[in-house]
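Inspection log for the structure reproduced underneath, given as structure tokens.
The values are calculated or read from the model by the stated rules, or taken from the named source; none is laboratory data. Just so it is clear, the structure is predicted and the values come from calculations on it, not from any experiment. A quick note on method: Cβ atoms are made from the backbone with ideal geometry, for glycine too, and the neighbour counts reach across all protein chains shown. Calculation scope for accessible area: heavy atoms of the full protein, side chains included, ligands and nucleic acids excluded. Shrake-Rupley method; radii C 1.70, N 1.55, O 1.52, S 1.80 Å.
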Amino acid sequence: MKNKTYWIFAILALSIISIAFGYTKIIPKEKNEIAAAKDCAETPHATGESVFKPTIENKNKPTGKAPKGMVWIPGGEFSMGSNVEDESLCSIKGVTKDAAPIHRVYVDGYYMDQTEVTNEQFAAFVKATGYVTLAEKKPTHEEYPDAPLENLIAGSAVFTPTPATVDLNNYMQWWSYVGGADWRHPEGPMSSIIGREKYPVVQVSYADAAAYAKWAGKRLPTEAEWEFAARGGKSGQLYAWGNTLKPKGKFQGNIYQGHFPIEKGDTGEDGYIGIAPTAQFEPNSYGLYDIGGNVWEWTNDWYTPDYYATLSESGQVTKNPKGAEKSYDPADPGLLKKVQRGGSFLCTDQYCSRYMVGTRGKGDYQSPANHIGFRCVQ
């Protein structure tokens, strides 16, 4: 680490924007050329004839009652991935390549949390175990020997709207490392989760999420399990709720509407500005809430951009894939990243539409932020 800026950049570890894909994007420079989300096409362009095949669900179902707050996901064989050529920035092509090609996958059945893990649930875990999250721990001089000592403070990444229109190529303009930001104080020391018990817990790293899951007798889902559940038995749909962003003119998830990322730019047309409580929108066909939007969700898989291509090359149905053996992102070769899924309240047609069910996010496994949470399986 050679200076303060680089140290802060490192501790944010790029995953504060798990949707900063590492692709070069062509952004209009003039203010009046930057389109608002409402000006973008609601239905992205897909490649030619669909290569999705029907989902074949397992018929076996466990006897007895589902664990509290969970639903049964039957598992089975399905077509995984996305054939969408474009997303964000009003149909700039080529930025969903890591979600291609479509390939056949089989997963065993499992239970899954109906909602993202809430502040209330995470607080019970912390009370029972005394667990301290990554964001609450002060970075050490041994970890960052070149960082000034005054910069070694506990904290995390917080979305910070810009005062005016900015070039979307530089995402560091709307993210800040905030001392004192953690799961109890998602936007910084002056914020609180009091009254937000039913909101998704955020500011948790991959390890924090995995620790909670272990305590609860659960685990984090694989990426394949997450997508099978999100699709709800349907095949090839753009969204967890269908092929239209707003069926009958109504939003089906908490995403960003308006002009990103300016102050007061989110118009809240979906009913929420910023993060929303869980289960405020209709569930998908399997009874899962907020599977698209609200907060990104950690999965257990290491991220590589070519993992789907590797699986597809065999020409066989891959059974219970668990992700790459190790992480590699050519955009950030020094960072170890886990796959994140589902998009967040910051996803917008202007910058990121990865609430599309087959697309992928990624994030440094040691970097929490105020738009990243998780749900568990069993």
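Quick look at the numbers
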quantity: Residue match in segment 311-321 (condition: closer than 22 Å to Thr118 by Cα and within 20 Å of the chain's Cα centre (by Cα)); calculated: no
quantity: Residue within segment 75-93 that is hydrophobic (A, V, I, L, M, F, W, C), modelled with pLDDT of 95 or more, assigned to a loop (DSSP other than H, G, I, E, B) and open to solvent by less than 50 Å² (accessible area, probe 1.4 Å) present; calculated: no
quantity: Within segment 115-136, considering residues that are open to solvent by 50 Å² or more (accessible area, probe 1.4 Å) and either touching a Gly at 6+ places or on another chain (Cβ under 7 Å) or part of a loop (DSSP other than H, G, I, E, B) (or both), the one farthest from Val204 (Cα to Cα); calculated: Gly130
quantity: Failed item, numbered, when Glu142 is tested on (1) under 29 Å from Gln257 (Cα atoms); (2) more than 26 Å from the chain's Cα centre (by Cα); calculated: (1)
quantity: Test: residue in segment 214-232 that is touching a Lys or Arg at 6+ places or on another chain (Cβ under 8 Å), touching a residue at least 40 places away in the same chain (Cβ under 8 Å) and not in a helix (DSSP H, G or I); calculated: yes
quantity: Residue count, segment 162-191 (criterion: surrounded by fewer than 15 Cβ atoms within 10 Å (Cβ to Cβ), under 22 Å from the mean Cα position of the chain (by Cα) and part of a loop (DSSP other than H, G, I, E, B)); calculated: 2
quantity: Search result, residues across segment 137-161 that are part of a loop (DSSP other than H, G, I, E, B), among the hydrophobic types (A, V, I, L, M, F, W, C) and touching a residue at least 24 places away in the same chain (Cβ under 8 Å); calculated: Ala147, Ile153, Ala154
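Let's see how each residue does on (1) within 18 Å of Val377 (Cα to Cα); (2) in contact with a Cys (Cβ under 9 Å, 6 or more places away or on another chain):
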{"residue": "Glu197", "(1), (2)": "no, no"}
{"residue": "Tyr206", "(1), (2)": "yes, no"}
{"residue": "Ala209", "(1), (2)": "yes, yes"}
{"residue": "Ala213", "(1), (2)": "yes, yes"}
{"residue": "Glu227", "(1), (2)": "yes, no"}
